[in-house]
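Okay, so here's the structure we're looking at.
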Amino acid sequence: MKPVSYMKVSLVLATLIVSSAHAQWNVARFDSTKVWTYATFGLDPAFIGSVGVSGVIPGRAKIQLGAEFGSVVAAFDLHDWRSRATARLSLIHAGAFRITGEDAVVTRGTSNSIYSAFNLGSSTTFTAGAYRRRWFVASEVGFDKAVLTRITNSDWYREYYYPDAKNGWYLTPGGTFHAGLTGGVTLGMLDISARAGNLRTERMNSLTPPFYATISAGIGWR
């Protein structure tokens, strides 16, 4: 990869490969609450807002499927957007202690005067902690991978900066690790949850800012 192309991909990754602000719900309630509608706001690492819906699939495994859409909230910039389709379940259950797993397919996009980019990625998150019907607290660790990224250079960029810039697809250009704490409480039909922790690239380099913090509010429907 040419130096200019490498710099361009690095710039795109700084925007795309971070995980979007998303909610963590109480898996101890999956047998009594079937559907959640929710909104999330947080620094992850830009200020991002998202809305979503999730529902528990009937059956012994109690798998929760969800979909959400988010964007950078500064000036309501829909040019920087992210969407997720998720599957979450309890993997190990011993009393109040649970280990949960979540897989997600992630799509992300951004555009400006220099380029536009589209990314298809995946993320996996595990939590371990105490889950009761009215509250939960757990540690979490996860990895978000940019699997395939398409970069399209603008005519303005070619005319004024780099006429030989080429559009193209880039396979597995990067990813991020996250590790932190999550918790929540239930107040009637209202669920409030929060997440906070540290962000690192897949090469364990620090990001700017090097942390994430989000809060979510959702309504659980029986």
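Counting only residues at least eight positions apart within a chain, or on another chain, the aspartates and glutamates with an alpha carbon under 17 Å from that of K62 are D31, E102, D103. Maximal additional length on extending the Y157-V35 stretch stands at 39.3 nm, based on 0.36 nm per residue less the C-alpha distance.
Remark: M189, M204 ranked as M204, M189, counting other beta-carbon atoms within 10 Å and listing the fewest first. Calculated [222 nm] ellipticity per residue, helices only, for the chain: -2500 deg cm²/dmol; basis is -39500 (n - 2.57) per DSSP H run with n ≥ 4, divided by all residues, nearest 500. To the nearest ten degrees, helix 3-16 and the longest principal axis of the Cα atoms of the chain are 30 degrees apart. At an R0 of 30 angstrom, the distance between the Cβ atoms of L65 and R222 translates into a FRET efficiency of 0.95.
Distance between the modelled labels on A85 and L190, one decimal in nanometres: 3.3 nm (7 Å Cα→Cβ projection).
Along the charge dipole of the chain, which of I48, H93, M189 sits closest to the positive end, that is, farthest toward it, with unit charges on the beta carbon of Lys, Arg, Asp and Glu (+1, +1, -1, -1)? Towards the positive end, the residue furthest out is H93. Extension gain, H93-D164: 0.36 nm per intervening residue step, less the Cα-Cα distance, totals 19.9 nm.
One chain, two ends: V53 and T201. Fully extended at 0.36 nm per residue, the span grows by 50.4 nm beyond their Cα-Cα distance. In a reduced charge model with +1 at each Lys and Arg Cβ and -1 at each Asp and Glu Cβ, region 120-201 shows a dipole moment near 400 debye about its Cα centre. In a simple Cβ point-charge model (Lys, Arg +1; Asp, Glu -1; nothing else charged), region 3-215 has a dipole of about 700 debye relative to its Cα centre.
Remark: the Cα gyration tensor places the chain in the prolate category, a/c being 1.5 or greater and a/b exceeding b/c. Just L190, L89, L199 to compare: in a GNM of the chain, with alpha carbon springs under 10 Å, which one fluctuates most? So, out of L190, L89, L199, the one fluctuating most is L190.
Here, each number is a calculation from the coordinates, and none is a lab measurement. Computed from a predicted structure; not experimentally measured. Backbone-built Cβ (ideal geometry, glycine too); neighbour counts: all protein chains shown.
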